[in-house]
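Note sheet for the following structure.
The values are calculated or read from the model by the stated rules, or taken from the named source; none is laboratory data. Source: prediction; values computed, not measured. Calculation scope for accessible area: heavy atoms of the full protein, side chains included, ligands and nucleic acids excluded. Shrake-Rupley method; radii C 1.70, N 1.55, O 1.52, S 1.80 Å.
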Amino acid sequence: MSRILEPVEPRQVALWGQHTVALRHTLATRELFSDDSIASLIDTVDPAHMKIETMPDGGYDVRAWSSCDRGDLTGHQVLDAVRRGRIWIELKALEEVDDRFAEVLDGLYAELAAAVGLRTFKRKLNLLISSPGARVFYHFDVPGQSLVQLRGRKRIWLYPPSAPFLHPENIENTVRSVATEGLEYHGWFDEYAEVHDMEPGDLLHWALNGPHRVANHDTLSVSLTTEHWTPEVRRSFAMNYGNGLLRTVGHWRPRSRSTTGPAFWAKVAMTAAWRASGMQHNQRYRWVPGHRIDLDAPNCVRPIVQPPATRTSE
């Protein structure tokens, strides 16, 4: 496979992992990301690997972000709805279902390991397809992440991963799967944001857990996101999980966010015991579709009318 990354500069090596780094890549022209290829993936991928969402034209209320059901539409019909509507699709962990994506993922991380010394033990590659003008609301991600732009243009705002932009409780609840990555957003946050306009061939990496939001320009957008875990990311996960248990189960306000020392290792043990107990599964946040794709509806989605509750005699 031909090289994915263009040459990496020494200053980008020094910045990697702690600050935002903008690189260039060669994936944008590959047939793998054409309409026919994407439509085929939508037709064949297991629904467990596909997430479809919609959002209103205005505002930043994370509660307005709604999960969608595709119905019986073909992949090309779904793409038509994305092109005409307000729809965001994520095809998740494609390295697990298609060897071509596994090759891209392995190749990219092999080059990152050689260029910046990045060593990972778990990685994922997700494909994003989203409408002109679509937005991703203010949120953060748990693992290390990069955004790889393939088609279309989008703007991304990156914010500091600390209060008031991101609170410890936000991370704790998300790693424990009792809340989503969505965060409360205020317009004045933008005064402290880095703003990047991304075009095909751009790759952007930012600091762990960095809050961000995204707005597409006036064309359909196709992007990749990568997720990776390192020993440092795993330690952060365990610390936040343990602190979340202390805060919500033990009713104790955690005083330390250290990822070393006896207190940290006690949190690691507590996290492992809690997850092994099955309580993690019992408290998971669950998505329920609120809309269905409809090519004749405004923004190509219509609300799903839930049936009224019925009472049964005993």
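Side notes on the structure shown:
- By a 1.4 Å probe calculation restricted to protein chains, Asp80 has an accessible surface near 60 Å², given to the nearest 10.
- Normalised contact order of segment 44-158, rounded percent, pairs of Cα under 8 Å and 6 or more residues apart: 29 percent
- Extension gain, Ala48 back to Glu103 (0.36 nm per residue minus Cα-Cα distance, nm): 17.7 nm
- In the chain, the calculated helix contribution to ellipticity at 222 nm averages -8500 deg cm²/dmol per residue, counting -39,500 (n - 2.57) for every DSSP H run with n ≥ 4.
- Percentage relative contact order, the chain, counting C-alpha pairs under 8 Å, at least six apart: 24 percent
- A cut-off of 5 Å between modelled amide H atoms, ignoring neighbours fewer than 5 places along the same chain, links Ile87 with Ser131.
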